[in-house]
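Trainee: Got a structure here, written out as structure tokens. Questions coming.
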Amino acid sequence: MGQNLQTGGRLRPVDLARGHGLSTQAVRNYEEAGILPAAARTPHGYRTYTSLHARALRAFLALVSGHGHQAAASIMRAVNEGRVEEAFHLIDESHVQRLDDRRTLQAVESALRDLEPRAAAEPGAAPESRAVADPATLSVADPAAMPGPGGTFIGPLAEALGIRPATLRKWERAGLVRPRRDPQTGYRVYDEADVRDARLAHQLRRGGYLLEHIAPLITQVRAAGGLEPLEAALSGWRDRLSARGRAMLTGAAELEAYLRECD
């Protein structure tokens, strides 16, 4: 940085931009957005920056990694306008969001752990969803109305989960399960994927999660093609949360250094 200092300790936009792989226009945009303090001007109208601006830029870029561009920009604007407590509040909100994400991840991982033992309870046994759909383990008012292998009606599934049929109908309206209709009876028929989704929804509901929070997770399970592929996605999710946590620590350190220099 020392070799870029101009006369009187002044820095040009290019001096700030060069060390971070930015364009000079980006530096000017950050100043205009309030992310950097206002620059002084030479008699000819050129911007001049100082080490304070360099510190502000480092703080902002560090905050972006942990909080995202929008939140980081809001934090820096609040600091530069003297609203430090508001900046701290924005940081707190970002930490709360990360905590919610971590709790959601833990809930999904817990639900998966609860589901897996049943799938492999007995060597050579049929998959859990087929076991639920097995006429030998389910009872309905009209045995002749049982669907074919791999499917079950609402009553037996609700009984297996320990919930009411009305709950499954509510979950269907929320998009958590998508049973087909039997062409002869019009009854709902839950296939293997529906049973899996219903059991996952049940575990998450027991963990206190709202239906609107569960629906995106069920969508992820479907997109992944089941629970096993989802585990790899969850591992990546966990790594990203950890990286974000470390980035938040780095951002906090850089912001503290900037606040000290402002003082």
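Conditions (1) under 30 Å from I91 (Cβ atoms); (2) of a type in the set (D, E), marked per residue:
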{"position": "E172", "(1), (2)": "no, yes"}
{"position": "L176", "(1), (2)": "no, no"}
{"position": "P179", "(1), (2)": "no, no"}
{"position": "P183", "(1), (2)": "no, no"}
{"position": "V189", "(1), (2)": "no, no"}
{"position": "R199", "(1), (2)": "no, no"}
{"position": "Y209", "(1), (2)": "yes, no"}
{"position": "V221", "(1), (2)": "no, no"}
{"position": "A232", "(1), (2)": "no, no"}
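Trainee: OK, next. Please go through segment 66-83 and pick out each residue that is touching a residue at least 40 places away in the same chain (Cβ under 8 Å) and touching a helix residue (DSSP H, G or I) at 6+ places or on another chain (Cβ under 7 Å).
Mentor: Result: G66, H67, A72, I75, M76, V79.
Trainee: Still on this model: Within segment 21-41, can you find the residues that are out of contact with any strand residue (DSSP E or B) (no Cβ under 6 Å at 6 or more places or on another chain) and either assigned to a strand (DSSP E or B) or of a type in the set (S, T, N, Q) (or both)?
Mentor: Of segment 21-41, the ones out of contact with any strand residue (DSSP E or B) (no Cβ under 6 Å at 6 or more places or on another chain) are 21-38, 41.
S23, T24, Q25, N29, R41 - these are the residues of segment 21-41 that are out of contact with any strand residue (DSSP E or B) (no Cβ under 6 Å at 6 or more places or on another chain) and either assigned to a strand (DSSP E or B) or of a type in the set (S, T, N, Q) (or both).
Trainee: Looking at A59 and the list (1) modelled with pLDDT of 95 or more; (2) assigned to a helix (DSSP H, G or I); (3) small (G, A, S); (4) surrounded by fewer than 18 Cβ atoms within 10 Å (Cβ to Cβ), which single condition is not satisfied?
Mentor: Every listed condition holds for A59 apart from (4).
Trainee: Another question, if that's okay. Determine, yes or no, whether R260 is under 30 Å from V79 (Cβ atoms), of a type outside the set (S, T, N, Q), within 27 Å of the chain's Cα centre (by Cα) and not in a strand (DSSP E or B).
Mentor: On the way: under 30 Å from V79 (Cβ atoms): yes; of a type outside the set (S, T, N, Q): yes; within 27 Å of the chain's Cα centre (by Cα): no; not in a strand (DSSP E or B): yes.
Judged against the criteria, R260 is not a match.
Trainee: Filter segment 173-188 down to the residues that are assigned to a loop (DSSP other than H, G, I, E, B) and out of contact with any Leu (no Cβ under 6 Å at 6 or more places or on another chain) and list them by number. Steps first, please.
Mentor: First pass over segment 173-188, keeping only residues assigned to a loop (DSSP other than H, G, I, E, B): 174-179, 182-187.
Result: G175, L176, V177, R178, P179, D182, P183, Q184, T185, G186, Y187.
The values are calculated or read from the model by the stated rules, or taken from the named source; none is laboratory data. Just so it is clear, the model here is predicted, and its values are computed rather than measured. Here the Cβ is made from the backbone with ideal geometry for all residues, glycine too, and neighbour counts use every protein chain on show.
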